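Q: The following block contains the structure, expressed as structure tokens.
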Amino acid sequence: MNENIDIIATLCRRIKMARIVKNLSQQELAKKSEIGIAIIKRIEHGKSITLQT
């Protein structure tokens with residue numbers, strides 16, 4: 001279980017850093033990925049994110 005939490009945290013950090021490196025706002029990323037900005041915010045903060053197989 002802790003391993004999944006670590007994986008999720010790492011993914012969330014990488015997504016945020018990739019967005020910043022590409023100089024995109026959360027709004028721009030949401031539009032490009034065709035998902036809501038609330039989802040981007042949740043991902044970047046690691047909230048309500050799960051790994052499903």
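The values are calculated or read from the model by the stated rules, or taken from the named source; none is laboratory data. Remember, it's a predicted structure, so these values are computed and weren't measured experimentally. All Cβ positions, even for glycine, are placed from backbone atoms using ideal geometry, and neighbour counts span all protein chains on display.
Q: How many residues does region 1-32 contain that are among the small types (Gly, Ala, Ser) and surrounded by 14 or more Cβ atoms within 10 Å (Cβ to Cβ)?
A: Within region 1-32, the first condition is being among the small types (Gly, Ala, Ser), and the residues that meet it are 9, 18, 25, 30.
Still in the running and surrounded by 14 or more Cβ atoms within 10 Å (Cβ to Cβ): 30.
Of the residues in that region, 1 qualify.
Q: Hey, another quick one. Cβ contacts < 6 Å: first residue closer than 18 Å to residue 17 by Cβ, restricted to region 34-53; second residue charged (D, E, K, R) and surrounded by 11 or more Cβ atoms within 10 Å (Cβ to Cβ), any location; separation 6+ or different chain. Result?
A: 44/16
Q: Of all residues being exposed (fewer than 12 other Cβ atoms within 10 Å of the Cβ) and of a type outside the set (S, T, N, Q) in region 39-53, which is modelled with the lowest pLDDT? Just the residue, please. Walk me through how you get there before you give the answer.
A: Step one: filter region 39-53 for residues exposed (fewer than 12 other Cβ atoms within 10 Å of the Cβ), giving 45, 47-48, 50-53.
After this cut, where a residue has to be of a type outside the set (S, T, N, Q) as well, the list is 45, 47, 51.
Values: 45: 90, 47: 84, 51: 75.
The qualifying residue modelled with the lowest pLDDT is 51.
Q: Same structure, new question: Taking region 22-53, which residues are under 12 Å from residue 12 (Cα atoms) and either of a type in the set (Ser, Thr, Tyr) or touching a Gly at 6+ places or on another chain (Cβ under 7 Å) (or both)?
A: Listed by number, the residues that qualify are 48, 50.
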